1. Run the 1.4 Å probe and let me know the accessible area of A:LYS204, rounded to the nearest 10 Å².
2. Using a 1.4 Å probe on the protein chains only, how many percent of the accessible area of chain A belongs to carbon and sulfur?
3. Provide the FRET efficiency to the nearest 0.05 for the A:ARG35-A:ALA160 pair, computing r from the beta carbons and using R0 = 45 Å.
4. Would you please put A:119-128, A:103-112, A:79-88 in order of how densely packed they are, using the mean number of other Cβ atoms within 10 angstrom per residue and starting with the highest?
5. Can you find, among A:ALA102, A:GLY263, A:THR151, the residue sitting farthest towards the positive end of the charge dipole of chain A, where Lys and Arg contribute +1 and Asp and Glu -1 at Cβ?
6. May I ask for the net charge around A:GLN185, where only other residues with Cβ less than 12 Å from the Cβ of A:GLN185 are counted and Lys, Arg are +1 while Asp, Glu are -1?
7. If one takes the longest principal axis of the Cα atoms in chain A, at what angle in degrees, from 0 to 90 and to the nearest 10, does the Cα axis of helix A:216-235 lie?
8. Would you calculate the separation in nanometres between label points at A:MET83 and A:HIS152, each defined as 7 Å from the Cα along the Cα-to-beta-carbon direction?
Amino acid sequence: MPELPEVEVVRRGVAQHAIGRTIAQVDIRGDRVARRHVAGPMDLADRLAGGQLLAADRRGKYLWLVVQTPDEDPQALVVHLGMSGQLLVDPAQAPRQKHAHAIFTFTDGDPQLRFVDQRTFGGLALTDLAPDHRGGAAQGEHPHGIPASVTHIAADPLEAAFDLPAVVRVLKTKDTAIKRLLLDQNVVSGIGNIYADEALWRAKIHGARPASSLTKPALTRLLEHATDVMTAALDVGGTSFDALYVNINGQSGYFDRSLDAYGQTGQPCTRCGTLIQREVFMNRSSHFCPMCQPAPRGSR
DNA sequence: CTATTCACCTGGGTGC
DNA sequence: TGCACCCAGGTGAATA
């Protein structure tokens, strides 16, 4: 599932293959892929035609291409991969994928850029760029600004603008379960179910613990583990379980081999040998070691 | 205002 | 072989 490392792999691929190129046309199929583009798919395709791609940027799980459109200030083409979205680089003669919702052709010919999404939880939208009010001491990290539709998303742990002590202070005030907060993109962005479970395992913390019950050093360590595990995943191309998550060339990442908790139900904990358990929490699967990560009193 | 739940979507797997 | 059902889960609107 695309979380921060997987989205970053895609961003790098798009940057390599698409920056500087000019869009000839965008073939959008169906209404759903552009449902977050309020003016509709026709407007999206019309305004992108003739636009030049200036940059590929990212915050958390949100990826955007900065586009110099013919008639307006630079815009952000926000791409969210959702659960199963892919951006693929393909020659024009390659068969159209069943779930290819948008195909970008360029004035310089091949390759095309295709947005393919089996479950269409992801999508495309063109929005204005706004100054990065979260930039703080790290101005210049997003020189084109942040898409207006992404300004509510918190900085992610790989950004210079990420203020770890400030996030820890926020967490310390909340009685909410720590896993819920790790997944809250308004608190810290980029973490999804896989890396939340991995960070909690590494920090030996049960996800149902109220954040306020953890010490500031423990919360700090947890976020550092989240940063570490996402960095390690990025180094090997992300986590793939099947053909649903792939880079722009259709290749899988290798981090699934390094997972200690997520998807390891019934396997021995690599630290203590106790069998990893799966529990449903927040209507999601949570994987944890019942010995290393004791449940809080009264949970379940 | 904050906290929590649920609809959205498809394909692969399972049990009968 | 067929079919009903469950499961994966990021987001944001709806609800409490």
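The values are calculated or read from the model by the stated rules, or taken from the named source; none is laboratory data. All figures in this text were calculated on a predicted structure; none of them were measured in a lab. Positions of Cβ are backbone-derived with ideal geometry, glycine not excepted, and every protein chain shown enters the neighbour counts. The protein model used for the area step is the full one, side chains on, heavy atoms only, and it has no ligands, DNA or RNA in it. Shrake-Rupley method; radii C 1.70, N 1.55, O 1.52, S 1.80 Å.
1. Number for this one is 110 Å².
2. Heavy-atom surface of chain A belonging to carbon and sulfur, 1.4 Å probe: 50 percent.
3. After rounding, the FRET efficiency stands at 0.85.
4. Answer by packing, highest mean first, reads A:79-88, A:119-128, A:103-112.
5. Selected residue: A:GLY263.
6. Once all neighbours under 12 Å are counted, the net charge is 0.
7. 50 degrees
8. 2.2 nm
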